[in-house]
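Scroll down for the structure; my scribbles are underneath it.
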Amino acid sequence: MIAASLGEVQTVVAARRLREASSVFIGVGRPSTAAILARRVHNPGLVLVYESGTVGAKPTRVPLSIGDGELAETADFIVSVPEMFNYWIGAGRIEVAFLGAAQVDRFANLNSTVIGAYDHPKARLPGAGGAPEIAAACGEVIVIVPHARRTFVEKLDFVTSVGHGTGPGSRRQLGFRGAGPSAVITDLGVLEPDPATCELTLTAMHPGVELEAIRAATGWDLHVSDDLKPTEPPTVQELTVLRGLTSR
Amino acid sequence: MAELTGLGEGLRELVSDGDSVALEGFTHLIPFAAGHELLRQGRAELELIRMTPDVLYDQMIGMGAARKLVFSYGGNPGVGSLHRFRDAIEHGWPREIEVEEHSHAGMANAYAAGASGLPCALLRGYVGTDLIARTRVEPVVCPFTGERLVAVPALRPDVAIVHAQEADRRGNVQLWGIPGVQKEALLAASRTLVTVERVLDELEPRPGGVVIPTWQLDAVAHVPRGSLPSYSHGVTDRDNDFYRFWDQVSRDRDAFAAWMSEHVLGGVAAR
């Protein structure tokens with residue numbers, strides 16, 4: 001079997017985070033792939049919740065859009081968008097949320113709105129979507145992003161959703177009910193907020209990745225855990241199922 | 001009571017230049033045929049409202065039909081950027097466009113407030129983000145608990161246009177699958193038009209179906225395949241290849257204009 005790519009490792013590590021979860025909120029792309037993989041390999045009872053309103057979807061392939069017909073056909077039930085955001089997300093009924101972003105800072109605050117100035121952006125990104133309220137209200141948030149200097153920035157160009165704000169106490173002060181980001185999973189490693197400072201700290205490194213490469217791809221002076229661990233490589237089963245999902 | 005009408009006639013009757021228009025559809029049942037007909041009719045200066053402006057609004061913005069966009073997520077779902085939307089905001093091409101952006105929660109609640117006849121909706125949202133300074137929300141305090149919340153003003157489009165699977169001859173409409181925010185958009189709007197895949201003698205309400213009664217609608221037009229390349233659950237399939245293809249054709253201004261000219265403007269005007 002061909003060795004796992006770093007992207008595949010990232011997906012597998014994200015999937016493993018869902019072992020104990022009862023429900024996960026997902027968008028399209030790698031988060032969706034990871035959640036489908038988790039349901040197939042690690043946690044068959046996992047409830048997949050898509051923003052489109054499909055709750056308990058059981059896709060057999062990775063959907064292109066969050067509104068693909070298969071999600072609606074296989075869902076336990078389907079709700080309207082207002083119901084999704086009020087009853088399910090806003091009220092804190094979803095345990096884990098996967099979020100992506102164009103920029104992340106050391107407190108796992110996220111930007112998916114603009115690169116550059118808001119009024120004259122260098123790049124106009126899609127915008128908030130569900131992220132602000134998902135980040136505030138879901139039980140915990142796992143951020144899935146590529147590890148690159150343009151992504152891991154000292155200062156966000158725009159705060160689209162709040163992670164740990166400016167540090168300890170921020171979320172409580174803002175009245176958020178969810179615990180916020182518990183991990184940022186990249187294609188190089190895993191970062192977790194330090195329990196005392198909330199600052200993202202490197203806690204795991206994927207196979208074959210050098211610490212220096214991670215430092216170089218991070219736009220701030222990265223803290224490294226004293227307990228830095230190597231990522232457990234994907235198993236044959238994880239890789240086989242993952243490749244089956246993405247090759248279709 | 002809704003009138004059964006031709007798409008062209010119905011839109012000419014209901015939509016004028018300068019109107020705020022919501023062509024809703026959340027990843028499903030997107031009213032492409034109606035949007036294209038608005039372009040053929042040459043509608044201009046529109047305030048386009050939609051939670052997820054995807055390819056249809058990319059086309060309408062790229063053709064210069066919009067003066068303003070109210071939205072919460074502007075992407076080509078699963079594919080990437082909307083290049084015409086980006087070009088309009090980043091470079092003012094083909095014209096400058098005013099933007100009012102929200103979160104999904106904010107916009108969904110704004111529609112619900114509009115449908116409820118309320119001036120605003122309350123939610124726990126936007127807090128701590130830079131959006132607050134860029135959009136229309138105000139902090140409020142709950143009079144019962146003292147909790148700090150956010151108020152978002154009701155959305156009340158001049159016109160809402162949606163696509164559904166079926167209607168009966170009296171103009172009652174039913175849709176199912178992912179219901180999105182279409183019911184709220186219709187009930188929030190001053191004027192409404194629904195395009196449908198089929199017209200039946202009698203609607204059979206189905207479990208999970210969303211029924212909008214004829215006495216809350218203005219016009220219903222029979223437009224089979226009217227949501228393609230989006231889809232109508234149980235009737236047509238989403239054309240995922242088109243969404244990928246759009247990423248290519250929409251990158252270039254000339255290629256875009258040529259495609260629109262051939263496939264949309266050159267299309268036969270609806271009756």
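Observations
- Projecting the Cα atoms of A:Pro230, A:Ala38, A:Val190 onto the charge dipole of the protein assembly as shown, computed from C-beta unit charges around the Cα centre, puts A:Pro230 farthest toward the positive end.
- Scalar couplings 3J(HN,Hα) for region A:134-148, obtained by applying the Karplus form with A = 6.51, B = -1.76, C = 1.60 to θ = phi - 60°, are 4, 5, 7, 10, 5, x, 8, 10, 10, 9, 10, 9, x, 8, 8 Hz; x denotes Gly and Pro.
- Using R0 = 51 Å, the C-beta based FRET efficiency linking A:His223 and B:Ala258 works out to 0.45.
- Nonlocal amide H pairs with A:Glu199, under 5 Å, H built at 1.01 Å: A:Asp194
- Interchain or long-range residues, amide H under 5 Å from A:Ser23's placed H: A:Val47, A:Glu95, A:Val96
- Hydrodynamic analysis of chain B uses the Kirkwood radius over alpha carbon pairs. Inserted into Stokes-Einstein at 25 °C and 0.890 mPa s, it gives a translational diffusion coefficient of 130 µm²/s.
- Region B:104-153: C-alpha pair distances exceeding 14 Å, %: 48 percent
- Other residues whose C-beta falls under 11 angstrom from the C-beta of B:Gly74 contribute a net charge of +1, scoring Lys and Arg +1 and Asp and Glu -1.
- For region A:1-138: rounded, prolate or oblate by the Cα gyration tensor [a/c cutoff 1.5]: oblate
- Long-range HN-HN contacts of B:Ser20 with modeled amide H, under 5 Å: B:Glu47, B:Asp158, B:Val159
- Between region B:209-271 and region A:35-111, the C-alpha centres lie 26 angstrom from each other.
- Dipole of the protein assembly as shown [Lys/Arg +1, Asp/Glu -1 at C-beta], most positive-end residue of B:Leu187, B:Leu69, A:Trp88: A:Trp88
- Here's the list of aspartates and glutamates a cross-link from A:Lys122 could span, going by alpha-carbon distance under 14 Å and ignoring same-chain residues fewer than 8 apart: A:Asp157, B:Asp87, B:Glu90.
- Shape of the protein assembly as shown, Cα gyration tensor, a/c cut at 1.5: prolate
- Alpha-carbon spread of region A:172-248, three principal axes, descending order, Å: 45, 33, 22
- For region B:160-167, putting each phi into the Karplus relation 6.51 cos²θ - 1.76 cosθ + 1.60 with θ = phi - 60° gives couplings of 10, 10, 9, 10, 9, 6, 8, 9 Hz, in residue order, rounded to whole numbers and with x for Gly and Pro.
- Global form of region A:6-247, assessed from the alpha-carbon gyration tensor, a/c cut-off 1.5: oblate
- Hits among aspartates and glutamates - C-alpha to C-alpha of A:Lys155 under 15 Å, sequence gap 8 or more where chains match: A:Asp105, A:Glu199, A:Asp221, B:Asp130
- Backbone phi angles across region A:80-94, fed through the Karplus curve with coefficients 6.51, -1.76 and 1.60 (θ = phi - 60°), yield HN-Hα couplings of 6, 5, x, 5, 3, 7, 8, 7, 9, 7, x, 7, x, 8, 9 Hz in residue order; Gly and Pro are listed as x.
Taken together, the values in this text are just the output of simple stated rules run on the coordinates, not laboratory data. It should be emphasised that the depicted structure is a prediction, and the values quoted were computed from it without experimental measurement. Glycine gets a Cβ as well: all are built from the backbone with ideal geometry, and neighbour counts include every protein chain shown.
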